[in-house]
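A short write-up of the structure that comes next.
The values are calculated or read from the model by the stated rules, or taken from the named source; none is laboratory data. It should be emphasised that the depicted structure is a prediction, and the values quoted were computed from it without experimental measurement. Counting neighbours? That spans all protein chains shown, and the Cβs are built from the backbone with ideal geometry, glycine included. We work out accessible area using only protein heavy atoms, side chains counted, and drop any ligands, DNA or RNA first. Shrake-Rupley method; radii C 1.70, N 1.55, O 1.52, S 1.80 Å.
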Amino acid sequence: ERAPDLSGRIDLGGPDDELKELADTLDAFLDRTEGAVAGQRRFLADASHELRTPLAAARTNIEVVLADPDSTREDYQRAAEVANRQLTRMGRIVGDLLLLERGRAGSMGMVPLRELARAVVADLGPRARQGDITLVVEGGAEIRVRSDQETVRRILANLVENAIIYNNPGGRVDVAVATWGGQTTLAVTDTGRGIPPAELERVFERFHRGTRDVPGTGLGLAIVRELAESIGAKVQVESTVGEGSRFEVLFDAPSGGSGES
């Protein structure tokens, strides 16, 4: 069946009585519903496009060697390697989509942010060294927030990995934790290429990628935002082209730790 048309509105004029209030409420509901449906359609279209590209590349390479009676063992090996890379990319996309769907907070507890940052940096150290990137966690007393530790770890890992990918050889990534003005901030700062002002509002969109010359699914920052929302945190970014970017995760007032730092 044809998709329903959600563009119509009551748009009732006249005095501000109960009838107009009801009509305005229904119009607001239709606004939200139309926006949600449009967002879902865009998401499905983007997901289909992202999965179609690696699938087509893998299939084309396999069909070429199968259709050529003179294909050698080396030809089959190259086709298999291409197919494996593309299927691996599809697996990452599907895994990220599942994380977006299931990305919600688990059990809440006191999360030691600096300890968690050191653990994430240790895990991503080999990746950083491959790109000649220095990872640094600022010192200081431990600061804890009440949150879900695994969710915070995923957020931080995605931000640090993103900072590594979009950095320059010889660059640096700093992870800092501080409390100020009733908020705790977990910040990841890099010395990479930076983000153009026009792109700042779009970096958290699903499948948005500012450039295609680096690996990724375009879902990392979308996952960060949705995971942050699931634990009641906020994510913000500031960036200067050619100098680097700073992503901040803002938590509610600290529930423990050393106070302001």
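Here are the numbers for the structure shown:
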quantity	calculated
Relative packing of 18-24, 75-81, 234-240, which averages over residues the other C-beta atoms within 10 Å, highest first	234-240, 75-81, 18-24
Label-point gap, in nm, between Asp123 and Arg73 - each point 7 angstrom along Cα→Cβ	4.1 nm
Carbon and sulfur %, accessible surface of the stretch 125-192 computed with the full protein complex present, 1.4 Å	46 percent
Value of D in µm² per second that Stokes-Einstein yields for the stretch 48-195, Kirkwood Rh from Cα pairs, at 25 °C (0.890 mPa s)	134 µm²/s
